[in-house]
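Worksheet: one structure, shown below.
The values are calculated or read from the model by the stated rules, or taken from the named source; none is laboratory data. Since we're looking at a predicted model, the values are computed, not measured. Virtual Cβ from ideal backbone geometry, glycine too; neighbours counted across all protein chains shown. Remember, those area values only see protein heavy atoms, side chains included, never the ligands or the DNA or RNA. Shrake-Rupley method; radii C 1.70, N 1.55, O 1.52, S 1.80 Å.
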Amino acid sequence: MAEHWPEGPAADEETARKRYDADMRAMRGSLRELFRADLTDAHIGLGIVVIVGVLVGLFASPVAGALVFGAFTALFLATLLVMRLQGIRGREAGRRAYLFTFGWGQWF
């Protein structure tokens with residue numbers, strides 16, 4: 001079955017495929033850059049979790065505050081386990097799990 005290219009039926013399939021692959025690489029690179037977090041971002045995320053956990057503990061109940069901390073602790077430990085299963089060890093595994101768990105702080 002022939003593929004349909006924007007250039008029409010006379011398109012060179014190899015050239016169109018190369019252009020498509022280059023465009024996909026550029027788009028993926030842009031998305032990686034958009035979602036890239038550093039340790040400063042993760043520290044901000046951790047700070048927000050601590051503040052929210054304390055406020056929830058004070059105004060709702062200590063159990064609710066503990067649930068906030070517990071949820072993020074569980075996410076961190078699950079991510080750390082995944083890193084270990086992928087063969088990433090030591091400080092690098094902890095750093096990646098920390099960035100995954102709290103890196104969303106870049107949007108605050």
Task: Selection within segment 66-93 - among the hydroxyl-bearing types (Ser, Thr, Tyr) and open to solvent by 80 Å² or more (accessible area, probe 1.4 Å) - done: none
Open item on the list: Residue under question is ALA42, and the condition is that it be surrounded by 15 or more Cβ atoms within 10 Å (Cβ to Cβ), among the small types (Gly, Ala, Ser) and at pLDDT below 95; does it hold?
Closed with: yes
Open item on the list: List pairs: first residue in segment 75-96 and closer than 19 Å to LEU39 by Cβ, second residue of a type in the set (Lys, Arg) and open to solvent by 70 Å² or more (accessible area, probe 1.4 Å) anywhere in the structure, Cβ distance under 9 angstrom, at least six positions apart or on different chains.
Closed with: THR79/ARG96; LEU80/ARG96; MET83/ARG89; MET83/ARG96; ILE88/ARG96; ALA93/ARG84
TODO: Report the residue count in segment 45-65 for those that are surrounded by 14 or more Cβ atoms within 10 Å (Cβ to Cβ) and touching a residue at least 12 places away in the same chain (Cβ under 8 Å).
DONE: 8
TODO: Select from segment 94-108 the residues that are surrounded by fewer than 21 Cβ atoms within 10 Å (Cβ to Cβ) and among the aromatic types (Phe, Trp, Tyr) and list them in ascending order.
DONE: TYR98, PHE100, TRP104, TRP107, PHE108
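Every residue, every condition in (1) touching a Gly at 6+ places or on another chain (Cβ under 8 Å); (2) part of a helix (DSSP H, G or I); (3) of a type in the set (Ser, Thr, Tyr); (4) modelled with pLDDT under 95, yes or no:
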| position | (1), (2), (3), (4) |
| --- | --- |
| MET24 | no, yes, no, yes |
| LEU34 | no, yes, no, yes |
| LEU46 | yes, yes, no, no |
| VAL50 | no, yes, no, no |
| GLY57 | yes, yes, no, no |
